[in-house]
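Remarks on the structure that follows.
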Amino acid sequence: MASREIVKNVFAVGTINWDLRYFDAIMPTPHGSSNNAYLVRGSEKTAIVDLGEPNDEADFITNLMRLDQHSLDYIICLHAEQDHSGLLPLMLEIYPMAKVVTNETCRGLLFEMHNLEGYEERFITIANGETLSLGDKTLKFYLAPWIHWPDTMFVEIVEDRVLFTSDFFGAHYASETLFQDDNSPDYLEAAKRYYSALMMPFRASVVKYIDLVKKLNPEYIGPAHGPVLRMPTEIIDLYADWASDKPKNKVVIGYVSMHGNTKQMVNFLVDDLLQRGVPVNQYNLLDTDTGVFGSAIVDAATIILATPTVLHGPHPAVVNASYLIRTLRPKAKYVGIIGSFGWESNAVPYLQDMMSTLGAENLNSVYIKGIPDEETIKNLHVLAETVAELHQTL
Ligand code: FEO
C-alpha cells in the first residue's frame with residue numbers, strides 16, 4: 001500500500017493485505033483487509049494516527065520512509081487492539097521523541113498488551129473534547145467507548161473536516177483506490193459483514209455515536225480498516241438503519257440436514273412463507289461462511305434454526321450459529337426452532353437458551369420424531385401463518 005494524500009498534508013500510510021482470509025483467526029475476509037494509519041503534518045508538529053500489527057512492519061516503515069518521515073511528535077492511539085497498536089513498541093524505539101497520546105482506558109490496555117516498561121513518561125492522557133495543536137491543524141478527541149472496545153475514541157482534524165473513527169465505519173475490504181466513492185455491492189457486502197461482527201453487539205453505542213458523527217458532519221471518514229469514505233452520508237445512513245431497533249420483514253433460516261427430514265421441513269416452511277409474501281432466506285450452515293450468516297441476521301425480524309439431532313443435541317454447525325446469534329445479538333423479534341430427532345433430544349431448550357440474549361419471543365417449535373408427517377406439515381403451516389401475522393405488525 002502506497003502512501004497516499006487524503007487532503008493536504010494528511011496521508012494514508014497503513015498497510016493492505018489482499019490475501020487475508022480470516023481476521024483475528026475468526027472472521028472470514030473474502031475481500032482481504034487493511035490496517036489503516038494516517039500521518040498528519042501540521043505546520044509545527046506531526047502526528048500519526050494508529051499504527052498496525054507486527055506483520056505490517058516492513059510495509060508500514062516503507063510508507064513512512066517514502067514520505068521522509070524521520071521524526072514524529074505524537075503517536076495517537078485510538079484503540080489498543082493489536083491490529084492497531086502492535087507496532088507501538090517498535091515506533092517508540094525508532095521515534096525517540098514521539099509521545100503517545102491516548103485516553104486513560106486505552107493507556108491501561110496498551111500497557112497490558114505490550115511490554116512498555118520504562119515508557120511511562122512518554123504517554124499523554126487526554127479526555128473527551130480535548131484538543132492538541134499541530135500548528136495549522138488542530139486535533140480534537142472524542143471518547144467513543146464500546147464501539148467495540150471500552151477504549152475506543154475518534155480524533156478530528158478540525159480545519160480539514162477529517163474524522164478518524166478507529167474501527168467504526170470500517171470494512172475488511174482491500175481496495176485499489178484510497179476512497180470508496182461508488183459503494184460497490186462488494187464493498188457494501190464487506191461493510192455489512194464487518195458491522196455485524198464488530199458493531200452489532202453494541203447497537204446502543206452505535207446509535208449514540210452515529211448521532212455524534214452526524215453532528216460533526218465530516219467531509220472524510222478515515223476508519224481503521226478499508227477505504228477512506230468521502231462525503232460518507234450513505235454509509236452513515238446504512239449504519240443508522242442497521243443499528244435501529246426496527247427489523248425488516250424478513251425471515252432467516254439457518255439449517256443442517258443429515259438424512260433429509262429437516263431439509264423437507266425447511267422446504268415446506270420456506271414455500272409457505274413465500275406464498276404468504278414473507279421474504280425468507282435459507283442458509284445451509286455446513287457451507288455458509290459465518291460472515292454471510294452474520295450479515296443476514298442484521299435486520300431479520302425472525303430467525304429460525306433448523307437442526308437434526310446428533311446424539312442428544314443439535315448439530316454442531318447449528319450450535320455454532322446459535323453461538324453467533326447469542327454473541328452478535330441481532331435485533332430479531334422472533335426466534336424459532338424446527339427439526340427432527342431419533343430417540344431423544346435437548347435441541348429445543350438448548351437452542352432457545354443460546355438465543356435468549358436477544359430477548360426475542362420464542363415461536364412454537366416444530367421438533368419431531370423421525371420423518372415429517374401430516375401433523376408436522378400442519379404445524380409448519382401454523383408456524384408460517386404465525387410469522388406472517390407477526391410481521392404485519394412490524
Ligand atoms: Fe481493528 Fe478492534 O481492532
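The values are calculated or read from the model by the stated rules, or taken from the named source; none is laboratory data. Remember, predicted model here, so these are calculated numbers, not experimental data. FYI the Cβ positions are ideal-geometry reconstructions off the backbone, even for glycines, and counts take in every protein chain you see. Accessible surface areas use protein heavy atoms only, side chains included; no ligands, DNA or RNA. Shrake-Rupley method; radii C 1.70, N 1.55, O 1.52, S 1.80 Å.
Just so you know, in the stretch 215-226 the residues that are touching a residue at least 60 places away in the same chain (Cβ under 8 Å) and within 16 Å of the ligand (Cβ to nearest atom) include one that is farthest from Gly170 (Cα to Cα), and it is Gly222.
Among residues of the stretch 82-101 that are in contact (Cβ under 8 Å) with a residue 12 or more places away in the chain, those with a beta-carbon under 7 Å from a residue that is acidic (Asp, Glu) and open to solvent by less than 40 Å² (accessible area, probe 1.4 Å) at least six positions away or on a different chain give the pairs His84/Asp50; Leu87/Asp56. Among the residues of the stretch 257-301, just one is more than 19 Å from Ser340 (Cα to Cα), open to solvent by 30 Å² or more (accessible area, probe 1.4 Å) and assigned to a strand (DSSP E or B), namely Asn281. None of Leu198, Leu212, Leu188 is within 16 Å of the ligand (Cβ to nearest atom) and in a helix (DSSP H, G or I) except Leu198. On inspection, Ile48 does not qualify as modelled with pLDDT under 95 and under 29 Å from the mean Cα position of the chain (by Cα).
Quick check: is even one residue across the stretch 312-320 touching a residue at least 24 places away in the same chain (Cβ under 8 Å), over 21 Å from Gly370 (Cα atoms) and part of a helix (DSSP H, G or I)? Checking the stretch 312-320: at least one residue is touching a residue at least 24 places away in the same chain (Cβ under 8 Å), over 21 Å from Gly370 (Cα atoms) and part of a helix (DSSP H, G or I). When the stretch 1-57 is examined, which residues are found to be more than 27 Å from Thr290 (Cα to Cα) and of a type in the set (Lys, Arg)? Within the stretch 1-57, Arg4, Lys8, Arg41, Lys45 meet the criteria.
Just to be sure before I move on: is Val252 open to solvent by less than 20 Å² (accessible area, probe 1.4 Å), free of Cβ contacts under 8 Å to residues at least 40 places away in the same chain and either part of a helix (DSSP H, G or I) or under 15 Å from Leu305 (Cα atoms) (or both) in the structure I sent? In short, no.
The residue that is nearest to the ligand (Cβ to nearest atom), counting only those in the stretch 16-34 that are part of a strand (DSSP E or B) and open to solvent by 10 Å² or more (accessible area, probe 1.4 Å), is Phe23.
Take residues that are open to solvent by less than 30 Å² (accessible area, probe 1.4 Å) and within 16 Å of the ligand (Cβ to nearest atom) and tell me which of the helices (runs of 4 or more DSSP H) falling wholly in the stretch 48-125 contain 2 or more.
Once the helices (runs of 4 or more DSSP H) in the stretch 48-125 are filtered for at least 2 residues that are open to solvent by less than 30 Å² (accessible area, probe 1.4 Å) and within 16 Å of the ligand (Cβ to nearest atom), what remains is 82-85, 104-113.
Only a single criterion out of (1) open to solvent by 20 Å² or more (accessible area, probe 1.4 Å); (2) in a loop (DSSP other than H, G, I, E, B) is not satisfied by Gly170, namely (1).
None of Ile304, Ile325 is modelled with pLDDT of 95 or more and not in a helix (DSSP H, G or I) except Ile304.
The single condition from (1) modelled with pLDDT under 95; (2) touching a strand residue (DSSP E or B) at 6+ places or on another chain (Cβ under 6 Å); (3) over 23 Å from Asn267 (Cβ atoms); (4) not charged (D, E, K, R) that Ser345 fails is (3). Within the stretch 171-196, residues that are touching a residue at least 12 places away in the same chain (Cβ under 8 Å) have Cβ atoms under 6 Å from residues that are hydrophobic (A, V, I, L, M, F, W, C) and open to solvent by 60 Å² or more (accessible area, probe 1.4 Å) in these pairs: Ala174/Trp18, counting only partners at least 6 apart in sequence or on another chain. Of all residues in the stretch 148-177, those satisfying the criterion of being farther than 13 Å from Cys106 by Cα, within 16 Å of the ligand (Cβ to nearest atom) and of a type in the set (A, V, I, L, M, F, W, C) are Val155, Phe164, Phe168, Phe169, Ala171, Ala174. Within the stretch 212-246, the set of residues being among the polar types (S, T, N, Q) and either open to solvent by less than 30 Å² (accessible area, probe 1.4 Å) or farther than 25 Å from Gly32 by Cα (or both) comprises Asn217, Ser244. Evaluating Leu139 against the criteria (1) more than 16 Å from the ligand (Cβ to nearest atom); (2) of a type outside the set (D, E, K, R); (3) open to solvent by 10 Å² or more (accessible area, probe 1.4 Å) leaves one unmet condition, (3). When Ala12 is tested against (1) surrounded by fewer than 17 Cβ atoms within 10 Å (Cβ to Cβ); (2) more than 14 Å from the ligand (Cβ to nearest atom), only condition (1) is not met. The residue of the stretch 332-347 that is farthest from Asp245 (Cα to Cα), among those that are buried (at least 21 other Cβ atoms within 10 Å of the Cβ) and hydrophobic (A, V, I, L, M, F, W, C), is Phe341.
Just one of (1) more than 16 Å from the ligand (Cβ to nearest atom); (2) touching a strand residue (DSSP E or B) at 6+ places or on another chain (Cβ under 9 Å); (3) free of Cβ contacts under 8 Å to residues at least 60 places away in the same chain fails for Ala204. It is (2).
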